[in-house]
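S.K.: Below you will find the structure I want to go over with you.
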Amino acid sequence: MDTKSTGGGLSHCNLDRRSFLKLGMTLACGLLVPFPVRAAINASSSAPRSISLRNTHTGESLEKVTYFAEGQYLPEALREIDVLLRDHRNGEIRTIDPKLYDQLFELGRAMDHAGPFEIISGYRSPASNSELRNQSRGVAKRSFHLTGQAVDIRLPGVQLAQLRRAAIAHRAGGVGFYPSSGFVHIDTGPFRTW
């Protein structure tokens, strides 16, 4: 960008075509970033984060459990959530990726919904995953559920398609849409949709 001084000490910009296009693209890209993504960027602060969950298989629930505060994850709260997301078929518990909880937190904010996420499936043991693969072609052999990086959810009062759109806009990991089974899958793997 070239600047030239005018008589009164004011300056103005002479933009060549390339600089003008770069400026326009920069401004346009800033406007295209969806709100949930901007909200996710702000959530990296040390502000407290809480989520509410209800396991549809066990009936257990956690109301507004604060899992992050004062710039750090809270081990006791994480353990409580890990237990709720255990493999309901055999009770096996695995440490869940805290970024998954951050995704739920952000989705709740994006949907302006504090109610509990209904958990259809959290952690899956290899035995459970194998059993499900024998029953359905839609179960991945190397599912992120096996590593504690995925959860299948719904949010009462929110249409599944709306929840899916919010998860896709967040671009924090994989997003699967299963309307006939009544849930949306999210994980902390690379961003992709199906």
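The values are calculated or read from the model by the stated rules, or taken from the named source; none is laboratory data. Computed from a predicted model, the values in this text were never measured in an experiment. FYI the Cβ positions are ideal-geometry reconstructions off the backbone, even for glycines, and counts take in every protein chain you see.
S.K.: Of everything in the stretch 105-135, what is in contact (Cβ under 8 Å) with a residue 60 or more places away in the chain and assigned to a helix (DSSP H, G or I)? Give them in sequence order.
M.R.: 105, 106, 107, 109, 110
S.K.: Using beta carbons and a limit of 6 Å, which pairs, at least six apart or on different chains, have the first residue in the stretch 177-194 and modelled with pLDDT under 95 and the second one surrounded by fewer than 12 Cβ atoms within 10 Å (Cβ to Cβ)?
M.R.: Matching pairs, first to second residue: none at all.
S.K.: When only residues in the stretch 82-91 that are touching a helix residue (DSSP H, G or I) at 6+ places or on another chain (Cβ under 8 Å) and charged (D, E, K, R) count, which is nearest to residue 55 (Cα to Cα)?
M.R.: By that ranking, first place goes to 87.
S.K.: Something else: Before we move on, is residue 79 part of a helix (DSSP H, G or I), within 20 Å of the chain's Cα centre (by Cα) and either free of Cβ contacts under 8 Å to residues at least 24 places away in the same chain or under 20 Å from residue 190 (Cβ atoms) (or both)?
M.R.: Answer is yes for this residue.
S.K.: Do we have residue 145 as closer than 20 Å to residue 182 by Cα and part of a loop (DSSP other than H, G, I, E, B) here?
M.R.: Spelling it out, it is not the case that residue 145 is closer than 20 Å to residue 182 by Cα and part of a loop (DSSP other than H, G, I, E, B).
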